[in-house]
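Structure, as structure tokens:
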Amino acid sequence: RGAGIVLTVTPARSAIVRTAWLRRPVVVLAIGADSAGKQELEAGALIEADLVVVDSRAQCVDKGELQHAVAAGFDPEEARELGECIAEGGWGRGSKPSRPELVVFDSTGVAIQDVKIAELCLAELSRQPAVPSKL
């Protein structure tokens, strides 16, 4: 409760994070709901979010946190795909604030994105000085 970053990576089949626990500003990274029926967040977290970003809208509606939010009345078109955000160089859409206070990232796992992220991480690590083996 009250954290600025919340990361969920569980096999939960019902919400384990309550919307009321999320103190703004906060970024919620939900990556455990990766099959139908799984859920880590109350649907209200997505409904109340200033910004919802997904790795794949269609996949998240089918098996991510979005499946529960849509059932509770959330319009899936309000969710921004990560690729759209990167291509357009921004997060905003419509009347949402330019500095969102509640951001939810719903990731169900898209292999090509995972590979590219790993590639970028390895490239960054190769530019870093070597870590000593003894401290």
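The values are calculated or read from the model by the stated rules, or taken from the named source; none is laboratory data. As the structure is a prediction and not an experimental result, all values here were calculated from the model. A quick note on method: Cβ atoms are made from the backbone with ideal geometry, for glycine too, and the neighbour counts reach across all protein chains shown. Protein only, heavy atoms only, side chains kept; ligands, DNA and RNA dropped before computing areas. Shrake-Rupley method; radii C 1.70, N 1.55, O 1.52, S 1.80 Å.
Tell me, which residue of region 20-29 that is touching a strand residue (DSSP E or B) at 6+ places or on another chain (Cβ under 6 Å) and open to solvent by 40 Å² or more (accessible area, probe 1.4 Å) is nearest to Val103 (Cα to Cα)?
That would be Val27.
A quick yes/no check of all residues on (1) open to solvent by less than 20 Å² (accessible area, probe 1.4 Å); (2) under 14 Å from the mean Cα position of the chain (by Cα); (3) within 19 Å of Glu101 (Cβ to Cβ); (4) at pLDDT below 95:
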| residue | (1), (2), (3), (4) |
| --- | --- |
| Arg18 | no, no, yes, no |
| Ile31 | no, yes, no, yes |
| Asp34 | no, yes, no, yes |
| Leu41 | yes, yes, yes, no |
| Asp50 | no, yes, yes, yes |
| Arg57 | no, yes, no, no |
| Val61 | no, yes, no, no |
| Gly64 | yes, yes, no, no |
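Please verify whether region 98-107 includes one or more residues that are at pLDDT 85 or above, over 15 Å from Gly44 (Cα atoms) and of a type in the set (Ser, Thr, Tyr).
Taking region 98-107 and keeping what is at pLDDT 85 or above, we get 100-107.
From the residues that got through so far, the ones that are over 15 Å from Gly44 (Cα atoms) too are 100, 107.
With of a type in the set (Ser, Thr, Tyr) added as a condition, the list becomes 107.
So far as region 98-107 goes, yes, one or more of its residues are at pLDDT 85 or above, over 15 Å from Gly44 (Cα atoms) and of a type in the set (Ser, Thr, Tyr).
Mind listing whichever residues of region 20-77 are of a type in the set (S, T, N, Q), closer than 11 Å to Asp106 by Cα and part of a loop (DSSP other than H, G, I, E, B)?
In the first step, residues of region 20-77 are kept if they are of a type in the set (S, T, N, Q); the result is 35, 39, 56, 59, 67.
From what's left, closer than 11 Å to Asp106 by Cα: 39, 56, 59, 67.
If the condition is that a residue be of a type in the set (S, T, N, Q), closer than 11 Å to Asp106 by Cα and part of a loop (DSSP other than H, G, I, E, B), then Ser56 is the only one that fits.
Quick one: in region 108-135, which of the residues that are of a type outside the set (A, V, I, L, M, F, W, C) and at pLDDT below 75 is least open to solvent (accessible area, probe 1.4 Å)?
We begin by selecting, within region 108-135, every residue of a type outside the set (A, V, I, L, M, F, W, C); these are 108-109, 113-114, 116, 119, 124, 126-129, 132-134.
Next cut, at pLDDT below 75 only: 132-134.
Working: Pro132: 84, Ser133: 121, Lys134: 172 Å².
Per the stated criteria, the residue is Pro132.
Is there a residue in region 70-87 that is open to solvent by 60 Å² or more (accessible area, probe 1.4 Å), more than 22 Å from Arg13 (Cβ to Cβ), basic (Lys, Arg) and in contact (Cβ under 8 Å) with a residue 24 or more places away in the chain?
Within region 70-87, not a single residue is open to solvent by 60 Å² or more (accessible area, probe 1.4 Å), more than 22 Å from Arg13 (Cβ to Cβ), basic (Lys, Arg) and in contact (Cβ under 8 Å) with a residue 24 or more places away in the chain.
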